[in-house]
Every structure is written in C-alpha cells, then in structure tokens.
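Below: the structure, in structure tokens.
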Amino acid sequence: MTTNLGPAGLTVKLWLFLFQTSDVLRTCTDDLLKKYKITSEQYDVLATVKYLGDRVNMTDMANFLRRSPNSVSMLADRMVKAGLVRRIRDKRDRRVVYVTATSKGEDILKLASPPTWEFIQEILSPLSPEDRGTFLNLFKIIERKALEYLNPGKSIDEIIKDRDKRHAGLMKRVPPYAGVVSPRARHQGRKKGKSTEPR
C-alpha cells in the first residue's frame, strides 16, 4: 500500500507516476493516430488551429500547448513539409507568423478526432464525474506551483485567468462529436453505475 511508503517515498512515487502516466498516455495517443499518419504532437497543433480560430500565431500556439516557441516552430516546419499546415506572415508586421491548416490537415483532423475522443472517454471511464472534478482541482494546485516556479514575480492569477479564458473559447468550439457518448462507453457507464458524460 502507498501509505506504507512514508512521506518521502510517497512524494517520489507520485512524482514518477505524474511523468510516467503522461508518457503512457502520449504513447497510446501516438499509437491511435498512426493510422492517420500523424503524431499526437501534430494532432495537438491541428486541433489548436481549429479550435482557437482557424489561424493562430506561433506565440499563442506555444503558450496554449505549453511548449517553447522554438519547439513549436520546428514542429510547424515539419508539418508544412508534410502538407498539414501553412505558415502565413502578417501583412502589417512581417515578424508575426500565423499557422493555418491545409485541406489535408483539416481532413485528417476530422477523421482522427472521433476515435481520439472515444479513447479519452474510455481512459477516463473508471472515474465518476466527482472523481474527475477532484482530479482536475488537484492538478490545478500542482500547475499553480509549477507556474510560480517558471514565472517568479509575475501575477499567476493573471496567467491562469488568461489560460481559463482561452479554455472557455476552446470549450465553445469543441466539435459536436464531443457531446456524443459512444455506445460502448455508455454501456460501460451503466454497468459501473457511473456517468460517462463529458465534463
């Protein structure tokens, strides 16, 4: 049992689980998206472009994906070569670069999104809506501490407020399939007596 680990052991175990679970979920998503010939990182970019307004500047994309601007720029370069996105320079300020999806990228996103949503539903199906809310709130506490570490002297409330505003916009633009529970997930939810409706 984890309670037998002691405070230090429990802290180390939790820290390892945070990273290992993230890695396992990324591997699962990469495996799922293989048939569409994209990676989970490429899917993230396509989804960000689609749900943040069809054209997103590189800085906003880096902030939303919580990645460095340089890594997002290199990822976008590879996606341009693959014909998934286009780079467009702002006419008034040539330093500002926008990313927009090509028709190929949009088609792949449309095909890959329903099975990706079904996967998310399946992975989270053991958790009740209450458990999901608790889990989310605990992660918010950890995120806040990490943001304090990365942004010394800055207003974390402002950073979180800006993030929440962008997430609210994202929730409005989530595609219609996100509100549909698959028959399999619905059946599992009834069996366990738990709701599978998205939150």
Quiz item: Restricting attention to the range 20-29, does a residue exist that is of a type in the set (Lys, Arg) and either over 26 Å from Arg95 (Cβ atoms) or touching a Cys at 6+ places or on another chain (Cβ under 7 Å) (or both)?
Solution: yes
Quiz item: How about the range 81-120: which of its residues are part of a helix (DSSP H, G or I) and not hydrophobic (A, V, I, L, M, F, W, C)?
Solution: Lys81, Ser103, Lys104, Gly105, Glu106, Asp107, Lys110, Ser113, Pro114, Pro115, Thr116, Glu118
Quiz item: From the set of residues in the range 81-102 that are modelled with pLDDT of 95 or more and exposed (fewer than 14 other Cβ atoms within 10 Å of the Cβ), which is farthest from Val49 (Cα to Cα)?
Solution: Lys81
Exercise. Please tell me if Leu46 is part of a helix (DSSP H, G or I), closer than 26 Å to Ser22 by Cα and either touching a helix residue (DSSP H, G or I) at 6+ places or on another chain (Cβ under 6 Å) or β-branched (Val, Ile, Thr) (or both).
Key: yes
Practice problem: Considering every residue within the range 50-57, establish whether at least one is among the aliphatic types (A, V, I, L, M), farther than 19 Å from Leu33 by Cβ, under 19 Å from the mean Cα position of the chain (by Cα) and surrounded by fewer than 19 Cβ atoms within 10 Å (Cβ to Cβ). | Solution: yes
Exercise. Considering only the range 50-80, state which residues are hydrophobic (A, V, I, L, M, F, W, C), modelled with pLDDT under 90 and in a helix (DSSP H, G or I).
Key: Met58, Met61, Ala62, Phe64, Leu65
Self-check item: Conditions (1) surrounded by fewer than 12 Cβ atoms within 10 Å (Cβ to Cβ); (2) over 18 Å from Asp60 (Cα atoms); (3) not small (Gly, Ala, Ser): number failed by Leu150
Solution: (2)
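The values are calculated or read from the model by the stated rules, or taken from the named source; none is laboratory data. Remember, predicted model here, so these are calculated numbers, not experimental data. Note that each Cβ is placed from the backbone with ideal geometry, even for glycine, and that neighbours are counted across all protein chains shown.
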